[in-house]
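One structure is given below, encoded as structure tokens.
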Amino acid sequence: MKCGICKAETEEKNVTYTEDVEQGVIVIRNVPAYVCTECGNTWYNGTVVTQLEKLVDNYLSLAGSEVSIINYTKLVA
């Protein structure tokens with residue numbers, strides 16, 4: 001896959017996704033993504049985006065602290 005910004009190659013990696021919400025911050029580790037080898041921009045496929053949205057929505061209703069750290073591979077696998 002080519003980078004949509006600089007047109008360099010991308011590689012599949014697990015990354016950390018962070019969402020800043022009203023109640024605090026949600027950190028989701030080990031998220032599969034495409035990362036540009038040149039500029040570092042990150043893209044997620046549609047399935048991953050859907051799962052991230054679900055995880056964030058679920059943790060918004062359950063979060064008891066200002067920071068929640070989630071392991072994507074353990075919850076979505």
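Structure values in brief
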{"quantity": "Count - residues of the stretch 22-46 that are surrounded by fewer than 13 Cβ atoms within 10 Å (Cβ to Cβ) and in contact with a helix residue (DSSP H, G or I) (Cβ under 9 Å, 6 or more places away or on another chain)", "calculated": "1"}
{"quantity": "Subset tally (residues that are loosely packed, with under 11 Cβ neighbours inside 10 Å and without any contact (Cβ under 8 Å) to a residue 24 or more places away in the chain) for the stretch 1-11", "calculated": "1"}
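Yes/no per residue for (1) part of a helix (DSSP H, G or I); (2) of a type outside the set (D, E, K, R); (3) at pLDDT below 95:
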| site | (1), (2), (3) |
| --- | --- |
| Asp20 | no, no, yes |
| Val27 | no, yes, yes |
| Val31 | no, yes, no |
| Val35 | no, yes, no |
| Gly40 | no, yes, no |
| Val49 | yes, yes, no |
| Glu53 | yes, no, yes |
| Gly64 | no, yes, yes |
| Thr73 | yes, yes, yes |
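The values are calculated or read from the model by the stated rules, or taken from the named source; none is laboratory data. Small disclaimer: the values here were computed from a predicted structure and weren't measured. Cβ: placed from backbone, ideal geometry, glycine included. Neighbour counts: every protein chain shown.
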